[in-house]
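Working notes, structure below.
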């Protein structure tokens, strides 16, 4: 066994780059497979896969990166010139899946420049070693381990849970920039620095911190720079150039979006203390307690997120904290916000954090090895270092196993096992039904739909999706409405205090809409439609005893989220959607059977309510003992009912609902 392990390590030491290219290729395939599978199963969203797909597709139709979700060019919202480069492969392969594959390639292959950075730094240490206390094989093994640990990190894989976003390109560009900085190839260094800025104009703050880190590395002798400029002058010129670009980007955004005033100095996002730099400074001086309250908000999730990042390098960044300078904009952006996705696995924001943690960790390794080489107390330091490397290896394996989207054993609900094989969570017939709907919708007709359905209609410039802030109860009627009532985001209200579910209710109540398609919790409404549904599958739902609870003799439910895991609840919190049950009844005639854990006795009352108990569909009391444990009722549903609650109770005696069977007889 030891010989086999030793042989495997020797092979790694001989062919590390080849193995890493193989690892990167495998992860590219796995990330692409998972992302495409997720999108195909309607688990990608209007924000952002649908938005970016429409942005790139619009260019093919003569529009300038237009998206109906913003009502203007994407560049008027986020000045990201890098999208011009992505347009090239999209031109030849115009599909939302193209974007997911490109993202997977850049994320996976970022481990190659990371390897060369680690190898370059440790080779310098070896060449300058005085006492030769570190073996060459150890340094080579470390150079291999760090890129593998990076790709296995849950925070590296975090955006794969989401869909497509430009932030995913940060690690590759940052590692390439740093590698060329170490190799004193300044033109290439500045090109990749410019590529980082091209992802978002606000990333000039990351670039500033990288340049500041460069100055510190220069003082330490790790990188070299022509001595024509002093450090202060070099940073001053860099600041002037970057800030000039930032101001220019603001004016260009205003020009493209036809906004009278330039938009710049926008630094904050959702849940931030302030969205503007001047606003933040005002709060800092006049209301500092607000900053403190935002900082400690969601502190448990923030701490957990930071620990997952820092533990990936066993906190070795402490040995060289200057390596974390490029992460400072992230800390200011995310930690001073109440918006959970900024610091939660499953979103793209970890890309502004984890690559900088790994580089800081690698510099920390450099410092420790340097101490081992020159310190008289090197044996103690060497033991500490071995333990740290063991932690990095073990954490990368364990973290991947329990949190990676590629791990079927992951604690995260939407892992690869959720979408693969014959998983009971995936209703294949429903997915096929949703794809069929596209065939009965007229192209370019006005359409309002949900966040998860919009990517299917990104080619329609008259389509939009909730939670669109412009939609209210007074909105002009859309030609089509498509809603997935089993998706909890259908019930999320926008800034106009209306949800897609409520808009569907309003449309049906108006008498102007007919049902074009219905099935599996999906409903398609069409303006002025009077015919029968073109697509129809009667709904059949069962809720077992797990979903019901009995309090004070009253059994009620279903509470869909009753048994949701800790990570499931956090995911829902991150999407701002976790609240009560999301049961529903679509229009039609139903047969509803209550099954109790005992026989149905006289005076047992059965109630069906909706809209969180505000309206009653059924309220019947049994007159005689039935000598059986079930009873069936027929009801007619003329509108869409949400938050449906089923209740059974008998005075002075506990009644427990064992099962509810809901059968739709016709639409």
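Odds and ends about this structure:
- Residue list for the range 482-502, restricted to those being in a loop (DSSP other than H, G, I, E, B) and more than 23 Å from residue 535 (Cβ to Cβ): 492, 493, 494, 495, 496, 497, 498, 499
- Per the listing 284, 252, 229, 242, the residue uniquely assigned by TED's automatic domain parsing to the domain that holds residue 181 and modelled with pLDDT under 80 is 284.
- Among the residues of the range 463-472, at least one is in contact with a helix residue (DSSP H, G or I) (Cβ under 6 Å, 6 or more places away or on another chain), closer than 27 Å to residue 37 by Cβ, modelled with pLDDT under 90 and in the same structural domain as residue 508 (by TED's automatic domain parsing).
- Selection within the range 39-56 - crowded, with 23+ Cβ neighbours inside 10 Å, assigned to a helix (DSSP H, G or I) and in contact with a helix residue (DSSP H, G or I) (Cβ under 8 Å, 6 or more places away or on another chain): 39, 46, 49, 50, 51, 52, 53, 55, 56
- Test: residue 18 is within 19 Å of residue 157 (Cβ to Cβ) and assigned to a helix (DSSP H, G or I): no
- As a summary of the residue check, residue 407 satisfies the conditions (1) in contact (Cβ under 8 Å) with a residue 12 or more places away in the chain; (2) at negative phi except for the one numbered (1).
- Within the set 276, 272, the sole residue that is surrounded by fewer than 17 Cβ atoms within 10 Å (Cβ to Cβ), closer than 26 Å to residue 80 by Cα and either at pLDDT below 75 or not assigned by TED's automatic domain parsing to the domain that holds residue 397 (or both) turns out to be 276.
- Checked against (1) surrounded by fewer than 17 Cβ atoms within 10 Å (Cβ to Cβ); (2) under 30 Å from the mean Cα position of the chain (by Cα); (3) in a helix (DSSP H, G or I), residue 386 passes all but a single condition, namely (2).
- Failed criterion for residue 164 (all others in (1) surrounded by 24 or more Cβ atoms within 10 Å (Cβ to Cβ); (2) part of a helix (DSSP H, G or I) hold): (2)
The values are calculated or read from the model by the stated rules, or taken from the named source; none is laboratory data. Being a predicted model, the structure only gives us computed values, none of them experimental. Note that we place each Cβ from the backbone using ideal geometry, even for glycine, and neighbour counts take in every protein chain shown.
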